[in-house]
Amino acid sequence: MKKITFNALLNHKAHNYKPMQIEVEKVIPLYGKRFEQMRDHPLDDCPEIIENRELMYMEGNIAHCLLFLDANGSDGILVEAEGFGYARKSQFIPNARAIIEANDITAGERQLHAELKGMVDRIAELAHTGQKHFIFEDMLGDEDLRVLMIRTVAEMLDRREDLAEVRDHYLGITGQADFTVTAKPAQEMKLYCPLEIQAEPQIYETDWDAPYEDDLEVIPSSCACGCEDEINEAIEKYSEPEEKHRGLMVYYDANSPVNEKVVSAFPSVEVRNGELVGVLTCRLTEPLTDSEMKEFQDWWSGQASDGFGESIEQKEIKTEAFGTIYVSFWNPSDSWQIETEMTDTADIEEEESLDMGGISM
C-alpha cells in the first residue's frame, strides 16, 4: 500500500490510551504563524480562547472543546481551557481537517461514493476476465445517479449557514426547477481605508522649454472627490469575470467560517467626510465575532497592499481633472488604518428579497 505520512506525538512507554468523549463546539482556523505559535507555546494567552471561553467545559465524562485548525495545513489542536485564557488542557490532532471533512459528509455523499466504488469494483472484476473496453452507462448500478446527485446537493445546501431555506423537488421534467433556494437577508458592512493618489505631471504648451520631471504629483484626497466615478469605472473594468457575484471573496479561504458569513466584498472608492477614501463594501448573513473580524480586516489589509491593491495601483486611470492618475489603497505610513461601519439592514433586506431570495435552479 501507499505509505501514510502525517505529524504526530509519540509518548515514551505510555501506560494506556484510554480516551474520553469529545464534543467540538467550534472549529477555529488559525492563519499565518498563529497555528505555529499555539502549537509551540500552548500555555501562552490566546485571544481566540478568551473570546470563546464559555464554549469549553466538562459535562460528566464529556469534554466540550474548541478545535483550532491550521488554515494552511491539515493538523489541529484540541483545547479545553477550564475557564482560563490559554490551552490548559490540549491535544495535538494529526490530520484534523480530514476529521472535520468526514463529519461534514452527507448521507448522499457517502452513497454516491459507494456507487462509484461499486462501479470501480465491477470494472476491475471484468478486467480480470479479459475485458478491456468499458462504457460508463453500462457500468451504472440500479441507483439513478441524477436523482442521487440532486438529493446530495440539496443536503449540502441545507447545511450552509447563509441559506434560509432549501427544497429539492425533482420531477424529471425538462425545464422544471430541481431546487428552490432562499438566501438569508444580508447586512451591509463597509471597511474604509485612506487612499494615496498620484498624478503624472501635465505638460502644457508654454512649458516646452522647462526641464522634464517624471516624479508623480501627490493629489490630496480632499481634492480628488470629483474623480470618484472615473476611479470606480476603472476598478470595475479591471475586475475579473469570476468576481462578478462575490467580488474579492472568491479568493478567501474556503475553510474559514468567515467565507460563509460574508456573501460578497467589492472594492471601490467613495467620498466620506469631504475626502475620497477606499471602501470594501460587504454583505453579511451573520455578524462576525471579534476574532473573525480581526481575521477579515487582516485579509483586507493584505488585499489592499499585495493583492487587489497592488494590481489596481499599477493601472493608469484617466481623469478629466488630473489627467493620468494612480490610486493606491494602502501605504506604509502609521496613519493607514481600517475603519468599520455597519449599515442599517432595512434597505439591504428589501434588496436581498428581490435579487437573491427564491432562486430556482
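Using only the alpha-carbon atoms of the stretch 1-61, report the extent along each of the three principal axes, biggest first, to the nearest angstrom.
42, 36, 24
Let me know the charge dipole size of the stretch 284-341 about its Cα centre in debye, to the nearest 20, where only the beta-carbon of Lys, Arg (+1) and Asp, Glu (-1) is charged.
In total the dipole reaches around 320 debye.
Among all helices in the chain defined by DSSP H, which have a length of 24 Å or more along the axis from Cα atoms plus a Kyte-Doolittle mean of at least -0.5?
In the chain, the long hydrophobic H runs are 107-127.
Rounded to the nearest 0.05, what FRET efficiency is calculated for Glu82 and Gln21 with R0 set to 22 Å and r the Cβ-Cβ distance?
Result of the calculation: an efficiency of 0.80.
Calculate the length of the line joining the C-alpha centroid of the stretch 22-93 to that of the stretch 261-284, in whole Å.
That distance is 33 Å.
Taking 37 °C and 0.692 mPa s as the conditions, I'd like the Stokes-Einstein D for the stretch 104-183 in µm²/s, using the Kirkwood hydrodynamic radius from alpha carbon pairs.
Taking Rh from Cα pairs, D becomes 223 µm²/s.
Using the Cα centre of the chain as the reference point, and only Cβ charges (+1 on K/R, -1 on D/E), how large is the resulting charge dipole? Debye, rounded to the nearest 20.
With Lys and Arg at +1 and Asp and Glu at -1, about 2680 debye.
Where a Cα-Cα gap under 16 Å defines reach, which lysines qualify for Lys117, not counting those fewer than 8 residues away within the same chain?
Output for Lys117: empty list, no partners.
Among Ala98, Ala124, Ala199, determine the one that fluctuates most according to a GNM of the chain built with springs between C-alpha atoms less than 10 Å apart.
Highest fluctuation of the listed residues: Ala124.
In deg cm²/dmol, rounded to 500, what helix-only [θ] at 222 nm does the chain give when every DSSP H run of at least 4 residues adds -39500 (n - 2.57) and the total is split over its residues?
Taken over the chain, the calculation gives -8500 deg cm²/dmol.
How big, in percent, is the set of alpha carbon pairs in the stretch 1-146 lying more than 18 Å apart?
That tail contains 68 percent of the Cα-Cα pairs.
Select from Ile317, Asn331, Ala304 the residue farthest towards the positive end of the dipole of the stretch 282-347; place +1 on Cβ of Lys and Arg, -1 on Cβ of Asp and Glu, and compute about the Cα centre.
The one lying farthest along the dipole's positive direction is Ile317.
Take each of the peptides 132-145, 42-55, average the number of other beta-carbon atoms within 10 Å over its residues, and list them starting from the highest.
42-55, 132-145
Beyond 25 Å, what share of the Cα-Cα pairs of the chain remains, rounded to the nearest whole percent?
69 percent
Regarding the stretch 21-102, what's the average projected area of the Cα-atom convex hull, expressed in nm²?
4.9 nm²
Defining a contact as two alpha carbons under 8 Å apart and six or more residues distant in sequence, what relative contact order in percent does the stretch 138-279 show?
21 percent.
Can you give the extra length, in nm with one decimal, that the chain gains between Ala177 and Cys223 once fully stretched, where that is 0.36 nm per residue apart less the Cα-Cα distance?
Stretched out fully, the Ala177 to Cys223 stretch lengthens by 11.3 nm.
What relative contact order, as a whole-number percentage, does the chain give when Cα pairs under 8 Å and 6 or more residues apart are counted?
16 percent
I need the phi-derived Karplus couplings for the stretch 279-288: 6.51 cos²θ - 1.76 cosθ + 1.60, θ = phi - 60°, integer Hz, Gly and Pro marked x.
My calculation for the stretch 279-288 gives 8, 10, 8, 10, 10, 10, 8, 8, x, 7 Hz in order.
Report the trypsin sites (Lys or Arg not before Pro) located in the stretch 218-300 that are in a DSSP loop and have at most 11 other Cβ atoms inside 10 Å of their Cβ, or state none.
Passing sites in the stretch 218-300 are Lys244.
Compute for the stretch 305-345: radius of gyration divided by Kirkwood radius, i.e. Rg/Rh, restricted to C-alpha atoms, rounded to two decimals.
1.11
Of the beta bridges DSSP finds with both residues in the stretch 21-102, what % are antiparallel, to the nearest 5?
Here the share of antiparallel DSSP bridges comes out near 55 percent.
Over 20 Å between C-alpha atoms is what I'm after, so list which of Lys190/Lys261; Lys26/Lys294; Lys33/Lys244 land there.
Violating the 20 Å limit, Cα to Cα: Lys33/Lys244.
Placing one identical point scatterer on every Cα of the stretch 68-146 and ignoring solvent, what is log10 I(q)/I(0) from the Debye formula at q = 0.14, 0.17, 0.23 Å⁻¹?
Summing over Cα pairs of the stretch 68-146 leads to -0.68, -0.79, -1.02.
Want the number for Asp45 to Glu270: 0.36 nm per residue separation, take away the alpha-carbon distance, what's left?
This chain segment gains 77.1 nm when fully extended.
Multiply the residue gap between Glu143 and Lys33 by 0.36 nm, knock off their C-alpha separation, and tell me the result in nm, one decimal place.
Once the chain is fully extended between Glu143 and Lys33, it gains 34.9 nm.
Bear in mind that the values in this text are calculations on the coordinates, not laboratory data. These numbers were taken from a predicted model, which means no experiment stands behind them. Reconstructed Cβ throughout: ideal geometry from the backbone, glycine too, with neighbour counts over all protein chains shown.
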